[in-house]
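A.B. asks: Attaching a single structure in structure tokens format; questions to follow.
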Amino acid sequence: MWIVFAFGSAFFAGVTSILAKCGIRKTDSTVATAIRTIVVLIFSWLMVFIVGSQNQLGSIDGKTLLFLILSGLATGASWLCYFKALQLGDINKVVPIDKSSIILTIILAFIFLHESVSLTKAIGVVLIGAGTFLMIERKDAGFKQKKGKNWLLYALGSAVFASLTSILGKIGISNVESNLGTAIRTCVVLLMAWVMVFVTGKQHTIRTIEKKELAFICLSGIATGASWMCYYKALQDGLASVVVPIDKLSVLVTVVFSYIVFHEKLSKKSGVGLISIIAGTLVMLIQ
């Protein structure tokens with residue numbers, strides 16, 4: 001059953017990127033992240049009360065709480081980097097780099113969670129790494145886009161923090177109901193996001209957000225909440241090294257919708273890269 005939740009996570013994560021891109025055309029990405037986190041927080045705590053796991057709050061030990069907080073901080077950092085990269089660059093470039101966090105996740109899962117790395121997983125890592133490289137044009141790697149030269153750094157930062165999120169989250173929810181763990185982590189992300197808004201002095205821009213963009217920001221928060229619920233349920237019941245690859249298939253959903261909504265087209269080289277990423281992801285599912 002956890003496989004179904006993993007694929008659900010991939011779909012909603014793919015939709016999240018499209019909705020978020022629609023909401024940050026004019027709105028600052030940090031402010032948008034803070035606003036959408038409110039929506040995710042409401043969604044996550046609603047799920048806690050629906051499943052009745054709020055009674056476990058008092059039984060969470062210090063170690064588990066620490067890893068949930070650390071996971072939340074990593075998530076917050078990943079989000080801030082990811083949506084900044086989305087604002088500066090093309091979705092078809094940013095998303096593959098973000099999803100390449102799977103490579104670091106598998107390495108960390110091997111070191112800290114003692115999950116084995118089979119030959120098929122090793123092949124999958126190579127295919128995903130090669131595919132990600134192919135999807136980045138030389139001019140992009142040279143930081144010479146007109147829209148923003150630092151998107152690649154933000155995208156790489158997003159990938160690194162996302163991998164840390166998976167490992168810390170796996171440890172943190174080992175003894176906690178998945179929805180409650182997600183809700184606690186979201187509280188940390190919300191606090192971190194709003195601290196960043198006020199530290200950077202961007203709180204005054206909230207009043208100027210267009211209603212249409214605000215709607216898309218909120219919708220992206222709902223999609224994120226749905227993705228999280230599916231992802232951490234799958235992560236709690238399954239192997240991190242299998243759940244994460246399935247979740248990364250969201251890149252295919254994103255590419256399809258980016259073509260429909262933003263008319264972003266893939267070059268032949270990028271198309272080969274996308275096929276390589278998908279192939280690598282599917283290879284990792286072979287037991």
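A.B. asks: Quick one: is Ser267 within 23 Å of Ile106 (Cα to Cα), surrounded by fewer than 24 Cβ atoms within 10 Å (Cβ to Cβ) and either in contact with a helix residue (DSSP H, G or I) (Cβ under 8 Å, 6 or more places away or on another chain) or at pLDDT 80 or above (or both)?
C.D. replies: no
A.B. asks: I'm told Lys211 meets every condition in (1) surrounded by fewer than 20 Cβ atoms within 10 Å (Cβ to Cβ); (2) in contact (Cβ under 8 Å) with a residue 12 or more places away in the chain; (3) not aliphatic (A, V, I, L, M) except one. Can you identify the failing condition by its number?
C.D. replies: Every condition holds for Lys211 apart from (2).
Quick grid of which residues meet (1) farther than 12 Å from Gly14 by Cβ; (2) touching a Ser or Thr at 6+ places or on another chain (Cβ under 7 Å); (3) not aliphatic (A, V, I, L, M):
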position: Lys211; (1), (2), (3): yes, no, yes
position: Thr224; (1), (2), (3): no, yes, yes
position: Gln236; (1), (2), (3): yes, yes, yes
position: Leu239; (1), (2), (3): yes, no, no
position: Val244; (1), (2), (3): yes, yes, no
position: Val251; (1), (2), (3): no, no, no
position: Phe257; (1), (2), (3): no, no, yes
position: Phe262; (1), (2), (3): yes, no, yes
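A.B. asks: Residues that are of a type outside the set (D, E, K, R), modelled with pLDDT under 85, in a helix (DSSP H, G or I) and over 26 Å from Ser53 (Cβ atoms): does region 153-174 have at least one?
C.D. replies: Checking region 153-174: not a single residue is of a type outside the set (D, E, K, R), modelled with pLDDT under 85, in a helix (DSSP H, G or I) and over 26 Å from Ser53 (Cβ atoms).
A.B. asks: In region 272-285, is there at least one residue being more than 26 Å from Tyr231 (Cα to Cα), surrounded by fewer than 20 Cβ atoms within 10 Å (Cβ to Cβ), touching an Asp or Glu at 6+ places or on another chain (Cβ under 9 Å) and at pLDDT 85 or above?
C.D. replies: No, the conditions are met nowhere in region 272-285.
A.B. asks: Residues Ile69, Ile35, Ile91: which one is closer than 23 Å to Asp247 by Cα, crowded, with 18+ Cβ neighbours inside 10 Å and touching a residue at least 24 places away in the same chain (Cβ under 8 Å)?
C.D. replies: Ile91
A.B. asks: For region 41-135, list the helices (runs of 4 or more DSSP H) that sit wholly inside it and hold at least 1 residues that are modelled with pLDDT of 85 or more and either within 26 Å of Ala193 (Cα to Cα) or touching an Asp or Glu at 6+ places or on another chain (Cβ under 8 Å) (or both); which are they?
C.D. replies: Of the helices (runs of 4 or more DSSP H) lying wholly inside region 41-135, those with at least 1 residues that are modelled with pLDDT of 85 or more and either within 26 Å of Ala193 (Cα to Cα) or touching an Asp or Glu at 6+ places or on another chain (Cβ under 8 Å) (or both) span 62-88, 91-99, 101-112.
The values are calculated or read from the model by the stated rules, or taken from the named source; none is laboratory data. These numbers come from a predicted model, not from an experiment. FYI the Cβ positions are ideal-geometry reconstructions off the backbone, even for glycines, and counts take in every protein chain you see.
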